[in-house]
1. If VAL247 satisfies all but one of (1) over 30 Å from ASP169 (Cα atoms); (2) buried (at least 16 other Cβ atoms within 10 Å of the Cβ); (3) touching a helix residue (DSSP H, G or I) at 6+ places or on another chain (Cβ under 7 Å); (4) free of Cβ contacts under 8 Å to residues at least 40 places away in the same chain, what's the number of the condition it fails?
2. Can we say ARG225 is more than 29 Å from LEU167 (Cβ to Cβ), of a type in the set (Lys, Arg) and either open to solvent by 50 Å² or more (accessible area, probe 1.4 Å) or modelled with pLDDT of 95 or more (or both)?
3. Just checking, which of LEU23, LEU68, LEU19 is in a loop (DSSP other than H, G, I, E, B) and among the aliphatic types (A, V, I, L, M)?
4. I need the full set of residues from the range 133-172 which are closer than 18 Å to LEU94 by Cα and open to solvent by 10 Å² or more (accessible area, probe 1.4 Å), in order please.
5. Please note which strands (runs of 3 or more DSSP E) are completely contained in the range 184-289 and include at least 2 residues that are in contact with an Asp or Glu (Cβ under 8 Å, 6 or more places away or on another chain).
6. Starting from residues that are over 22 Å from the mean Cα position of the chain (by Cα) and of a type in the set (S, T, N, Q), keep the ones in the range 43-91 and report whichever is surrounded by the most Cβ atoms within 10 Å (Cβ to Cβ).
7. Specify the residue that is modelled with the lowest pLDDT; the eligible residues are those in the range 1-16 that are over 19 Å from ARG66 (Cβ atoms) and either in contact with a Lys or Arg (Cβ under 9 Å, 6 or more places away or on another chain) or assigned to a loop (DSSP other than H, G, I, E, B) (or both).
8. Output the number of residues of the range 273-283 satisfying the condition of being open to solvent by 50 Å² or more (accessible area, probe 1.4 Å) and either in contact (Cβ under 8 Å) with a residue 60 or more places away in the chain or farther than 16 Å from ARG225 by Cβ (or both).
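The values are calculated or read from the model by the stated rules, or taken from the named source; none is laboratory data. Being a predicted model, the structure only gives us computed values, none of them experimental. Because the Cβ atoms are built from the backbone with ideal geometry, glycine has one as well, and the counts that use them run over all protein chains shown. Remember, those area values only see protein heavy atoms, side chains included, never the ligands or the DNA or RNA. Shrake-Rupley method; radii C 1.70, N 1.55, O 1.52, S 1.80 Å.
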Amino acid sequence: MPRLRLVFMGTPDFAVPALAALLEAGHEVACVYTQPPRPAGRGYAERAAPVQVFAEARGIPVRFPRSLRDPQAQAEFAALKPDAAVVAAYGLILPQPVLDAPRLGCVNLHASLLPRWRGAAPIQRAILAGDRESGVTVMQMDAGLDTGPMLLQERVPITEETTAGALHDTLARLGAKLIVPALAGLADGTLKPVPQPAEGVTYAPKLTREEGRLDWRRPAAELARRVRAFNPWPGTWCTHMGETLKVLAAEAVPDGAGAPPGTVLDERLAIACGEGALRLLTVQRPGRAALDAAAFLRGYLLPPGTRLDGGAAGAA
């Protein structure tokens, strides 16, 4: 396999295994592009992105352009003379001069089975929609939103226990596994890009905190998916007597007992929904530790017949 001169463009944890795999395969990473440090935590101190931390620990130059539309930024990118750019959850749009600069183009790792779930939040949207599988697509980038031709694709199952956090980690490892052979095949001409199917296109818009509000009028199965899809972020929640209760784990159970949605049905925290009931398994109060339902109820009274306040949330 030829040793390639690469630019790596990524920001969060998802991108780190792919960068590590490229280095382990012996490729030269001339520069890393990532989002600049952002305020985080209680003190709002600036925190470097995971890709920046990883790259700097290995002596790789790091750049943080606010935009790549500036001609100077484009010239600086082209001056690196990369064979290819590898993009994984970078966070900036790549304009055409950047896409055209590398000899082999720009290759993107996308956490879905394209053309399903183009866009910002494919992992969460797949779980929320009840998809039975997800995966990683390695594609050549074009000017569209995740519309480029595909090089490699591999699938993984989504089970009734899969959370967004767990699927994220699985797909990050899978992306690292696929990126090295994808580049090798692209470089030696044995891997030909295949256009994405015209049918089956869906979009995965960004998540909002408000989407985590549990609307008890919805079916319990849908709410159970929402809990898994939004774990760890933005989380799902409801309110009781003005206090926010964060729901970290839950399961759908069939019996809603005909009670109004949001009613506590038993002493195991089954909550009536529009269809069936949602049993809360792990709950957290503000500033407190997350507890399983039995431990939570020892310190917080929610007897059967209590009504929890919900609210309208986006449909899956």
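1. (1)
2. Judged against the criteria, ARG225 is not a match.
3. Result of the check over LEU23, LEU68, LEU19: LEU68.
4. GLN140, MET141, ASP142, ALA143, GLY144, LEU145, ASP146, THR147, PRO149, MET150
5. Result: 236-240, 277-284.
6. GLN74
7. Looking at residues that are over 19 Å from ARG66 (Cβ atoms) and either in contact with a Lys or Arg (Cβ under 9 Å, 6 or more places away or on another chain) or assigned to a loop (DSSP other than H, G, I, E, B) (or both), I get MET1.
8. Counting residues in the range 273-283 that are open to solvent by 50 Å² or more (accessible area, probe 1.4 Å) and either in contact (Cβ under 8 Å) with a residue 60 or more places away in the chain or farther than 16 Å from ARG225 by Cβ (or both) gives 0.
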